[in-house]
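Novice: Pasting in a structure now, in structure tokens, and then I'll have a few things to ask.
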Amino acid sequence: MNFLQELFFGAPGSFSGGVAHSVMILSLVIGTGYILGKIRVAGISLGVTWILFVGIFFGHFSVTLDANLLSFIKEFGLILFVYSIGLQVGPRFFAAFKAGGLKLNLIAVGSIFLSVLIAVVLHLVSGLPITTMVGILCGAITNTPGMGAAQQAYTDATGAAAPDTAMGYAVAYPLGVIGVILVILLLRVIHRIDPKKEEAAARDAGSQDGQVGTLTVEVTEENADGKTIRQIRPKNAPNFVISRILRREGGEVELVRDDTVLHNGDQILIIASSADLPAIAALFGKPGKLDLKTQAKGHLVSRQILITKNELHGKSLGHLNLQGNFDVSVTRVNRAGVDLVAENSLHLQIGDRLTIVGSEDAIRQAEKILGNSIKRLNHPNLIPVFIGIVLGCILGSIPIPIPGIPYPVKLGLAGGPLIVSILISRFGPDCRLVTYTTESANLMLREVGIALFLASVGLGAGDGFVETIVNQNGFIWIVYGALITIIPWLVMGFLGKRVFGVNYYTLIGVLSGANTNPPALAFSSEQTSCDAPAVGYATVYPLAMFLRVLTAQLLVLIFL
């Protein structure tokens, strides 16, 4: 029976107890956590957070792994998690930042300020060493890079280690997770959230910049009569496409080209951003009474075609000249769930979904050029993932000097990869870099990352966890951590919704990002099928990570 002893507690003399032992313990913790995560009480489940608590349970009974191995697994899992988030939200990140990013980051900064203020007050009132309090602060906001930065700052300043920082982190971390989940549910009650209505509002708000609408317009303007589309289009006009026309004398609905001549009384179908439609319609006339999409039935059809050929990645719609070559009209492009107006200058990406109008035969011919092969998209493209992680690690390791502070700060192994993944997913196609990953592949990468992260944190915190709580006033530490976790969430959660008017699902993503809290984001994302929590999280995370790491180091250096 020695083999069972070695599997559960490790083989003597081997690194981390042996490969089989390490893999089995990780798998047991993660598998058991996911099983428990399926349990619902009153319709509520803690989801993947159970992995953390199962890890603490195993660690308490000394069923754990080597500390160095746990540190690697924890950081690598966190990198995978945040990188997959960046790939998902990157195409929408900058649009979301323009639309309301300043407001969201102000909410995040308010949450950060409150948590630091509470930590300083507790330190001054309780007399607890600042190294322990910073550990509690980092655990309460689940910020591992901040804890590491604080420990390094203390070591650089004194030449000694600060083990109480890690212990404070471990004691406060579990309630930092469970407390946030409870506040998320409490905010839903306080704001009387109707999940279906709020989710619908989040989808509308999230796609506002890219939301594309259609409008039938009757040509009545003298400036449009007798002129081509190309002649009427102003140089600085918003992007729009005119796909179909019904002549005033009747007949069949026809496709529109840039050289199509318009006449008063013609009915045209305009596709543009919903916000721009009224202004664009005014260039041509007044809203028409017909629906040209239904009028075209039997003659023109509309199909969605996937871009799956690598050689098309980064090329513009105008370069393909689908209208001239195949007599079809591209009316819109769906990218990562966002509709874009099909302008000639728009550069295509692998995975884009083109809405094409034309005859059945013409669309089939265009389809051969574009690919439309789901099988090709299912093949994972790992080059940008691992190259991006390399660049992210480099960026996260760059020291950033701050005037008046003796030691530089760093973005760390979470902030660096997140920023790089956002930039690669947004600007990679401009450099002919294929960054497309299927939704299932992205979700798998994210789930594996968060599972490894939570399991390693739990296994590392389990040893000595109960002893600290029972014999070293750990209960008081838990209370301190709870105050740091809950108060900023409640205050900014109330202000964010009632004062700033932020959507509930976006708000809980923002607060999760302000706390740099991956488990909170995972739980928030489980509450809705829209990506509002992930967009909110990614919008504030880079600034929040920098401020969290900076403030952790400043607290140690100021109150040392």
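The values are calculated or read from the model by the stated rules, or taken from the named source; none is laboratory data. Please read these numbers as outputs of a predicted model, since none were measured by experiment. Quick reminder, even Gly has a Cβ in these numbers, built from the backbone with ideal geometry, and neighbours come from all protein chains shown. We work out accessible area using only protein heavy atoms, side chains counted, and drop any ligands, DNA or RNA first. Shrake-Rupley method; radii C 1.70, N 1.55, O 1.52, S 1.80 Å.
Novice: Checking the structure you have, find out if any residue of the stretch 497-513 is in contact with a Gly (Cβ under 7 Å, 6 or more places away or on another chain) and more than 20 Å from residue 198 (Cβ to Cβ). Break it down stepwise before answering.
Specialist: Going residue by residue through the stretch 497-513, those that are in contact with a Gly (Cβ under 7 Å, 6 or more places away or on another chain) are 502, 506-507, 509-511, 513.
Checking the rest, the ones that are also more than 20 Å from residue 198 (Cβ to Cβ) come to none.
Looking through the stretch 497-513, none of the residues is in contact with a Gly (Cβ under 7 Å, 6 or more places away or on another chain) and more than 20 Å from residue 198 (Cβ to Cβ).
Novice: When you go through 81, 8, 72 one by one, which is the residue that is modelled with pLDDT of 80 or more and open to solvent by 70 Å² or more (accessible area, probe 1.4 Å)? Give the derivation first.
Specialist: Details: 81 fails: open to solvent by 70 Å² or more (accessible area, probe 1.4 Å); 8 fails: modelled with pLDDT of 80 or more.
Result of the check over 81, 8, 72: 72.
Novice: Kindly list the number of the only condition in (1) open to solvent by 20 Å² or more (accessible area, probe 1.4 Å); (2) at pLDDT 80 or above; (3) touching a Lys or Arg at 6+ places or on another chain (Cβ under 7 Å) that fails for residue 278.
Specialist: (3)
Novice: Still on this model: Could you list, in sequence order, all residues of the stretch 508-560 that are closer than 21 Å to residue 497 by Cβ, open to solvent by less than 10 Å² (accessible area, probe 1.4 Å) and among the hydroxyl-bearing types (Ser, Thr, Tyr)?
Specialist: Once the filter is applied, which keeps residues that are closer than 21 Å to residue 497 by Cβ, open to solvent by less than 10 Å² (accessible area, probe 1.4 Å) and among the hydroxyl-bearing types (Ser, Thr, Tyr), the stretch 508-560 yields 512, 524, 537, 539, 541.
Novice: Here's a follow-up. Applying the selection to the stretch 455-477, what residues are open to solvent by 40 Å² or more (accessible area, probe 1.4 Å) and under 32 Å from the mean Cα position of the chain (by Cα)?
Specialist: At the first step, the residues of the stretch 455-477 found to be open to solvent by 40 Å² or more (accessible area, probe 1.4 Å) are 460, 463, 466-467, 470-473, 475-476.
Listed by number, the list holds a single entry, 460.
Novice: Check the stretch 408-419 and report whether any residue there is at pLDDT below 75, in contact with a strand residue (DSSP E or B) (Cβ under 8 Å, 6 or more places away or on another chain), among the basic types (Lys, Arg) and open to solvent by 50 Å² or more (accessible area, probe 1.4 Å).
Specialist: Yes: the stretch 408-419 contains one or more residues that are at pLDDT below 75, in contact with a strand residue (DSSP E or B) (Cβ under 8 Å, 6 or more places away or on another chain), among the basic types (Lys, Arg) and open to solvent by 50 Å² or more (accessible area, probe 1.4 Å).
Novice: Further question on the same structure: Filter the stretch 327-347 down to the residues that are open to solvent by less than 50 Å² (accessible area, probe 1.4 Å), outside any strand (DSSP E or B) and under 22 Å from residue 373 (Cβ atoms) and list them by number.
Specialist: 328, 342, 346
For (1) aliphatic (A, V, I, L, M); (2) in contact with a His (Cβ under 7 Å, 6 or more places away or on another chain); (3) open to solvent by 60 Å² or more (accessible area, probe 1.4 Å), each residue gets a yes or a no:
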residue: 231; (1), (2), (3): no, no, yes
residue: 244; (1), (2), (3): no, no, no
residue: 251; (1), (2), (3): no, no, yes
residue: 271; (1), (2), (3): yes, no, no
residue: 287; (1), (2), (3): no, no, yes
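Novice: Tell me the residue from 356, 350, 402, 363 that is in contact (Cβ under 8 Å) with a residue 12 or more places away in the chain and open to solvent by 30 Å² or more (accessible area, probe 1.4 Å), please. Can you show your working first?
Specialist: Working: 356 fails: open to solvent by 30 Å² or more (accessible area, probe 1.4 Å); 350 fails: open to solvent by 30 Å² or more (accessible area, probe 1.4 Å); 363 fails: open to solvent by 30 Å² or more (accessible area, probe 1.4 Å).
That would be 402, the only listed residue that is in contact (Cβ under 8 Å) with a residue 12 or more places away in the chain and open to solvent by 30 Å² or more (accessible area, probe 1.4 Å).
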